[in-house]
Amino acid sequence: MISDSDPPERKDPPLQPPHPGAADEPEFFEERPRDPFASYSPPRDPFRDDIIEPEIIPPDAEEISDDTTPLRDLVQSYRQEARQASGPERAPHSAAGPDVEQEPLQLTRPASEPPPMKTGWFRRKQAAAPPPPPPPPPPNTKKGRKPMSRSERSRTPFIAGANAALTILVVAMLGSLVAVNYGMREYDAPGPLQAETDIAIPRGSGPRDISEKLSEAGAIDSSKLFVVATQLTGNRGKLQAGEYRIPAHASMRQIMDMMAKGDVVEHSVTIPEGLTSKQIVNRLLSETILSGTVREIPPEGSLLPETYQVTRGADREALLQRMAAAHKKALDEIWAKRNTSVPVKTPQELVTLASIVEKETGIASERPRVASVFVNRLNKKMRLQSDPTIIYGLVQGNGTLGRPILRSEITKPTPYNTYTIPGLPPGPIANPGKASLEAVANPATTKDLYFVADGSGGHAFATTLAEHNANVARWRAMERAEADRAPVDALPADGAAPSN
């Protein structure tokens, strides 16, 4: 039996939201804070439906919502659960009567229920604290703009472009390294040429023209690689024209080094002693390895006959200038070392007399003796009576007569005929060689005044007229078949010495 004065002890059931889905409504059903030691003491019978039990609110609680309907529903649910837990429902008032004061019902929270939260069940959710103010922008960030992260900065157009450019640069560098490696191997590899070959590079040819010429001759495999190599090696403007003798299997490096150094094939151009200037020019014009034209004939006796080394395509005018420079140099040296007793007053007179000696004999050992004959005759004021001077006066330096001298031509006056004029002619009759110049500058010491051909290619010398006439008779015996014509190297037919 249940006494009115001793109400049964009851346990509060776990708090439940008043209706399904209410737990998802934080605005009304979040648990409020409460004092864990406070008792739930209704002023009257808790089982009466018409009594609304006040809620004990801690001092620090926040303002409660004005909406009390959910609170009323929750109290009624508590009552029903309490009745079910305490037994059959009893009368609203106990047997003790209405005047008996009842002990307040103690409602305690089960031990398994978690401690109350600081927010009430039926309070509005506390407004979230305002977010802290944003940090001040960095110095380089515009006011009001959020600083970009590293990943965001990497996606900017400038950074993206820079990354793309760097990638392209790296790829280009790698490609260049591969290309350079391949090019260097081809540059030093043996060439395809199977045998030694002469290749002529014309004047004015550029790297592209040279590479095509080498490719056509089979000396290189790639003309484009040769052009690139000239730029990378700094030889673009150093390649020289000319004829090159390329060895078999020569590499591209060897060929380029040859052309940069000008290691060309040289050809010999020989100018014999005793030719006139016109004959020398005609000989140069007939040389196929030379190029260019000759503007004018050089003065007689101004060129030094010699063997000159020239490259294919050398200019003819340039070669004539080399010959003139060589003549001047040799003449200056010989004039400085001459015998002052020789009756020549200027270097030009020395050249004139040397040209006569050059035309009289082609034997080197005879030149000093032939020169002494003319020096002795000049010292004695005798006419030189040289047959080559007759021929030069007749042909004017255009060559030889092609026949023996006629008797009538011996006495025919010309500016160069030393049979009719005293002393030296007005100028050289040929271009003497260095040996003839030296022979005149330092002639042999003799008393010879005459000489005539001996029929063996040399000459017979004489100091008197009688000796000379005997030598002439022997010469005429050899030339008896041509009695009507005077011998080329003979004195006048009467054998008399020329007059002073």
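Some points to look at:
- Relative contact order (%) - criterion: Cα under 8 Å, at least six apart; region: segment 268-330: 41
- Loop-resident trypsin sites (Lys or Arg not before Pro) (DSSP state other than H, G, I, E or B) in segment 367-409 with no more than 16 further Cβ atoms inside 10 Å of their Cβ: Lys380, Lys381.
- Förster-model FRET efficiency, 22 Å R0, Lys224 and Gln254, C-beta, rounded to 0.05: 0.70
- The modelled label-to-label distance for the pair Ser341/Arg295, using points 7 Å beyond Cα in the direction of Cβ, is 4.6 nm.
- At R0 = 60 Å, FRET efficiency that the Cβ-Cβ distance of Asp188 and Ser365 yields, to 0.05: 0.60
- Taking the square roots of 5 times each eigenvalue of the Cα gyration tensor of segment 197-261, largest first, gives ellipsoid semi-axes of 15, 13, 11 Å.
- Space enclosed by the convex hull of the alpha-carbon atoms of segment 342-482, per residue, Å³: 109
- As a calculated quantity, the FRET efficiency between Gln348 and Ala473 at R0 = 51 Å, using C-beta atoms, amounts to about 0.85.
- Near His459, the amide H atoms lying under 5 Å from its own belong to Asp454; only residues 5 or more places off or on other chains count, and H is placed 1.01 Å from N.
- Other-chain or far-sequence residues with amide H under 5 Å of Tyr244's (modelled H): Ile199, Ala200, Ile201, Val265
- For Asp315, nonlocal amide neighbours, meaning residues 5 or more places apart or on other chains whose placed amide H falls under 5 Å from its own, are Ser291.
- Full extension of the chain segment joining Lys447 with Val171 gains 90.0 nm, where the gain is 0.36 nm per residue of separation less the Cα-Cα distance.
- Distance between the modelled labels on His267 and Glu81, one decimal in nanometres: 12.7 nm (7 Å Cα→Cβ projection).
- Per-q log10 I(q)/I(0), segment 276-431, q = 0.11 Å⁻¹ (Debye; single scatterer per alpha-carbon; no solvent): -0.49
- Of the chymotrypsin sites (Phe, Trp or Tyr not before Pro) in segment 307-376, not one is in a loop by DSSP (not H, G, I, E or B) with at most 14 other beta carbons within 10 Å.
- Rounded to whole Hz, the Karplus (6.51, -1.76, 1.60) HN-Hα couplings of segment 262-273, x for glycine and proline: x, 7, 8, 6, 9, 10, 8, 10, 9, 10, x, 6
- Each residue of segment 178-191 was assigned a 3J(HN,Hα) from its phi angle through the Karplus curve 6.51 cos²θ - 1.76 cosθ + 1.60 (θ = phi - 60°); the sequence is 5, 5, 5, 4, 5, x, 5, 5, 5, 5, 9, 6, x, x Hz, with glycine and proline shown as x.
- With the convex hull constructed from alpha-carbon coordinates only, segment 346-425 shows a mean projected area of 5.5 nm² over all directions.
- Normalised by 2.2 N^0.38 Å, where N counts its residues, the alpha-carbon radius of gyration of segment 268-330 equals 0.99.
No lab work stands behind these numbers, since they all come straight from the coordinates. It should be emphasised that the depicted structure is a prediction, and the values quoted were computed from it without experimental measurement. Cβ sites come from the backbone with ideal geometry, for glycine too, and all protein chains shown count toward neighbours.
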